[in-house]
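Worksheet: one structure, shown below.
Any read-out appearing in this document is the output of simple, stated calculations on the displayed coordinates, not a laboratory observation. Predicted model, so just to flag it, every value in this text is computed and none were measured. A quick note on method: Cβ atoms are made from the backbone with ideal geometry, for glycine too, and the neighbour counts reach across all protein chains shown.
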Amino acid sequence: MTGQTALVIDDESQIRRAVSHALADDFAKVVEAVSGVDGLRLVDLEKPSLIVLDLGLPDMSGLAVCTEIRKSSDAMILVLSARHADQEKATLLDAGADDYVTKPFSTLELKARVRALLRRASSHRTIGTIIRHGGLSMDLATRTLTRDGALVHLTPTEWELVRVLMTNAGKTMTHRQLFAAVWPGRQYGDAQQYLRVHIANVRRKIETNALDPHYIFTEPGVGYRFAAPQ
C-alpha cells in the first residue's frame, strides 16, 4: 500500500465499485466522483496521486477533464474508454494522460496497469543519472548505453529516442509526443513513418530478437511504449 490517494471519476456505480475495489490494495484511500465537475473538485481537495478517468461522463468530455487536471496536478491519469478509436487514445495521451484501458476490461489488467504506473513514478524519482532495465543500462551524464555490459553504438537521434522512451518507461508515448521530444521545434509530415524507421534501427541494436521485442513495444495506431520498470 502506497499511503497515497486514488480518485475514480465515472458516472457508472458498478464501474466505480469495481475500480475502487481493484485499487484498494495499492492505495490508502480511494475516493469517487460521478461527474467531471465533481472530479475536478476532488482533485483540488484530495490531491490524489492517481486518477482513473472515464471518458463517457455526463457533463464534460474526458479530454476537457484531462486538460483541466493537468493545469494544476501531475497525478498519474489512467483513462477508461469504451471507444476504440486510435486517434482518440492518442489525443488523450497528448493531453497528459499516462495510459489507457479499453472497456470491457478485467480488474487484473487494471491492477497491472496501475502498478506499472506506480513503478514508473517511483523509478523516475530515484534513478538519478543511471537508468537500468534488464540488461540495459543508460548513463544520462555520459550519454552512453550498454547492453549486458557491452557498449551500444547509437546515433544522436537514436540516443534521444531511447532516452525519452526509457525515462518514460511503462507509459505509452504517442507518435506526436516522441517526435516533439526527439526533434524539438521541427515541423513533421508523417511522424509515424519517421519513427518507424528509427525504432526498427534501435530494436536491431538493443533487442535479442527485433521481431519479438522485450523492451520497446508498438501500440498500433498510437505510438510506442518502453517496458515498465521492474
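Over 5 Å intervals from 0, what percent of Cα-Cα pairs in the stretch 3-105 sits in each interval?
Histogramming the stretch 3-105 at 5 Å steps yields 3, 14, 27, 28, 19, 8, 1, 0 percent.
Can you list the lysines whose alpha carbon is less than 22 Å from that of LYS171, not counting same-chain residues fewer than 8 positions off?
Result set, ordered by chain and number: LYS47, LYS71, LYS89, LYS103, LYS111, LYS205.
Using a Debye calculation, one point per C-alpha and no hydration shell, please list log10 I(q)/I(0) for the stretch 135-230 at q = 0.11, 0.20, 0.21 Å⁻¹ in order.
Reported log10 I(q)/I(0), two decimals: -0.29, -1.00, -1.11.
In square nanometres, what is one fourth of the surface area of the convex hull spanned by the alpha carbons of the stretch 66-171?
For the Cα atoms of the stretch 66-171, the hull's average projected area reads 8.4 nm².
By Kyte-Doolittle mean hydropathy of at least -1.0 and Cα axial length of at least 20 Å, which whole DSSP H helices of the chain are selected?
107-126, 191-206
Length gain on complete extension for the stretch PHE217 to ALA141, per 0.36 nm per residue less the alpha carbon to alpha carbon distance?
Stretched out fully, the PHE217 to ALA141 stretch lengthens by 24.8 nm.
Under a plain spin-label model, where a point goes 7 Å from the Cα along Cα-to-Cβ, how far apart in nm are GLN193 and VAL37?
Spacing of the two 7 Å Cα→Cβ label points: 4.8 nm.
Any idea what diffusion coefficient the stretch 15-75 gets from Stokes-Einstein, in µm²/s, Kirkwood Rh on alpha carbon pairs, 10 °C, 1.306 mPa s?
Answer from the Stokes-Einstein relation: 133 µm²/s.
Would you mind telling me the antiparallel percentage of the DSSP bridges in the stretch 1-139, rounded to 5?
Beta bridges within the stretch 1-139, antiparallel portion: roughly 20 percent.
Using R₀ = 41 Å, calculate the FRET efficiency as 1/(1 + (r/R₀)^6) where r is the Cβ-Cβ separation of ASP11 and ALA180; round to 0.05.
0.80
With each run of n ≥ 4 DSSP H residues scored as -39500 (n - 2.57), what mean residue ellipticity at 222 nm is computed for the chain after dividing by its residue count and rounding to the nearest 500 deg cm²/dmol?
-13500 deg cm²/dmol
Each label point is 7 Å from the Cα along the Cα-to-Cβ direction; what then is the distance between the points at ASP74 and ALA28, in nm?
In this crude label model, ASP74 to ALA28 measures out at 2.0 nm.
When all alpha-carbon pairs of the chain are counted, what percent fall beyond 30 Å?
Every Cα pair in the chain considered, those over 30 Å come to 27 percent.
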